[in-house]
1. Below 8 Å between Cα atoms, with a sequence gap of 6+, how large is the relative contact order for the range 315-439 in percent?
2. From Cα pairs below 8 angstrom and at least 6 apart in sequence, can you work out the relative contact order of the range 165-292, rounded to a whole percent?
3. Report the full-extension gain for the segment residue 309 to residue 322: residue separation times 0.36 nm, less the Cα-Cα distance, to one decimal in nm.
4. Quote to one decimal, in nm, the extra length available between residue 394 and residue 216 on full extension: 0.36 nm per residue of separation minus the C-alpha distance between them.
5. Using the count of nearby Cβ atoms within 10 Å as a rough guide to exposure, how do 440, 324 rank from fewest to most?
6. The range 153-191 to the range 312-352: how many Å between their Cα centroids?
7. Run the numbers on the range 140-215 and let me know its relative contact order in percent, using alpha-carbon pairs under 8 Å that are six or more apart.
8. Can you give the FRET efficiency for residue 428 and residue 130, using 1/(1 + (r/R0)^6), R0 = 35 Å, r = Cβ-Cβ distance, to the nearest 0.05?
């Protein structure tokens, strides 16, 4: 049997019986598994040999002491208590040897992080350890233990009575260690609203991670400020909503002390973010409260191709939504909502659908020239609205619709489905990960391949090709690079070659 196929216990026995350290050291260099299994044994054997030599000669050089201090830094992380005891018998070896670690970490810090309670007890028992020493990054041994959920070590360090508790609470809450959070709060010496990086409290950090157990412990104190905003105006509810943590959202709302419409520094509410991130269950909780009203009832205006092939299949496949009604003005053979969906309510015009109090959400799939008026009417009727692109013909119209939605407390969103097209997602991945290097120019186009498609694109009432398919390309550029500082453009028309109108159908933007 090959040596590297031996079980670990047999390898360790063989190594212990090999008296020549040089032979053993050469052996472990030949195989990764042998190195991983036997390296710790070699390390400890070397340290013990060095310690015995120093003990026999009664002296240690500066280099030898430094070597032992470096070993001492690594041993607590491995839990090698016997080796640590040997090293500390050498004169001049500092148990708080932070100066030899480039990050300022001490043996206590390493032992605490790895949860070696026996090593922590021993180091504290020497009486030579500053239990609250800060590393270069500002962390303490207690913070390291709290972040890793090392409850036994946390208890040992707390019992010293010489530790600062605010920072460890932040780390325990962020990582969701509810038992450690409870342990720290039980001391009654910790500030439950201690502000960490960017003003975030333990409750905000726990909510951001969706750590329901830690959130419950913090709320049960009765001392946590439930609506405490950080430096960016983001509350615990904002963080829970952004992450889609519906159970945590329910916990916060159940306190009765949460401002559900509190905006962040950008003026965006938790409800806006829930829609933006696609968290339908959270949207429902925020919109209706804690009572479960069942799925949102959706009405579709227009029985177009996008309604039949995009919206209705997704609505029926999503548990949080229920197709309630369809408004179709001119049903025809082969294109009839009543025949395709006899189980829902049907209307001959949009007004009847919008006036139905049962409808919660309206999806507008009609031609571009109708979007502004229909969206405005739906918002005024108290509906949430998803409207196809183009959103509106002018920025003034778009801004007026957004202001109306905000004033009515309704959600308004544009259906830009090509953000999730597979080819675009691949391109976005390549650009964001710098696979292509620095991108200087992008050419993107959608080419109608049949005359009927061109006929639709040249319709003046819709604003032309740029206000139709072109909005998808513009939105993709925005999604990739954000809002441009400057836009210059050429707006020629190619479709005139097929007898189309002179409306622009392509654009050369410089962003």
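1. 16 percent.
2. For the range 165-292, the relative contact order is 20 percent.
3. 3.0 nm
4. 59.3 nm
5. Listing 440, 324 from fewest to most nearby Cβ atoms yields 440, 324.
6. Taking the Cα centre of each part, the range 153-191 and the range 312-352 sit 57 Å apart.
7. 31
8. About 0.10, to the nearest 0.05.
Each value in this text was obtained by applying a stated rule to the coordinates, not by laboratory testing. As the structure is a computational prediction, the values presented were derived from the model and not from experiment. Cβ coordinates were reconstructed from backbone atoms using ideal geometry, including for glycine residues, and neighbour counts include every protein chain displayed.
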